[in-house]
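The values are calculated or read from the model by the stated rules, or taken from the named source; none is laboratory data. These figures come from a predicted structure and were not determined experimentally. Here the Cβ is made from the backbone with ideal geometry for all residues, glycine too, and neighbour counts use every protein chain on show. Keep in mind that these areas ignore ligands, DNA and RNA; they rest on the heavy atoms of the full protein, side chains included. Shrake-Rupley method; radii C 1.70, N 1.55, O 1.52, S 1.80 Å.
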Amino acid sequence: MNVQRWIARRETNWRRLDTLLRQVEKKGLKSLQALEIEELASLYRSVSADLARARTHKLGMTLVQELQQLTSRSYSQIYQGSRRQEWGAVVEFLRWGFPGIVQETWGYIAVAIATFTLGALVAWWYAWQDPVFMAIVVPPDIIEIVRDKGELWMGSIVGIEPLASSSITINNLKVSFGAVGGGITAGIYTLFILVYNGIHIGAIATLIAQYNLSYPFWAFVWPHGSLELPAIFFAGAAGLLIGR
């Protein structure tokens, strides 16, 4: 194999690939024309083959390293995209993609909200009518604090807010992932999670109302509940979509 002749013949492709990569790295993949994108992909495969040949014939570490850099840069742009493109895609999704998905799937979201609300209303009705129901649904320690001390149990997290925040976050993630994953049961487990959490919230809200603690309770719950509940509803809608 005549190394110098081979390098001279292949060097044009390497330079062309480097030129295209510089443009993509600076301005993004969208700055290329359709034919240039095809050329970029073709040159990437060609230079990858050149790298393999250079390694096989041991044509020198300098050449191998240069070809390795070209193939790595090419792979990054073709299969991963630049960091700017990734963040741009995230922003684009948040601005247009996610709202569009919500509009397209509003029916499933409405069903998730209705299911959750139904569970809350059922719990509210039975909790007012039957104290035994309350004891079944609400943890005994919460009932004791509210009933015997006339205060909310959330005061126990004062001083350990980071730990409590982590616990709440983990619980919300479990519920959301469970609602989405429940779609593999034809949505039955998703519906169960929505109803169960609705019953839990409804029973606790009723307990709080019975002892005139609604204002401090909702003042505590609303700031994070305004994010948690929509997340659960969206997760439930996703589970129902999977179930369908």
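So for the stretch 88-105 (the condition being hydrophobic (A, V, I, L, M, F, W, C), open to solvent by 60 Å² or more (accessible area, probe 1.4 Å), more than 28 Å from the chain's Cα centre (by Cα) and farther than 30 Å from Y189 by Cα), does at least one residue qualify?
Checked the stretch 88-105: no residue is hydrophobic (A, V, I, L, M, F, W, C), open to solvent by 60 Å² or more (accessible area, probe 1.4 Å), more than 28 Å from the chain's Cα centre (by Cα) and farther than 30 Å from Y189 by Cα.
Do you know which residues across the stretch 196-215 are in contact with a helix residue (DSSP H, G or I) (Cβ under 9 Å, 6 or more places away or on another chain), part of a helix (DSSP H, G or I) and open to solvent by 60 Å² or more (accessible area, probe 1.4 Å)?
Within the stretch 196-215, Y196, I201, Q210 qualify.
Please count how many residues of the stretch 112-139 are open to solvent by 40 Å² or more (accessible area, probe 1.4 Å) and either over 30 Å from R244 (Cα atoms) or in contact (Cβ under 8 Å) with a residue 24 or more places away in the chain (or both).
Of the residues in that region, 17 qualify.
With respect to S82, is the statement that it is buried (at least 16 other Cβ atoms within 10 Å of the Cβ), polar (S, T, N, Q) and modelled with pLDDT of 80 or more true?
No: the conditions fail for S82.
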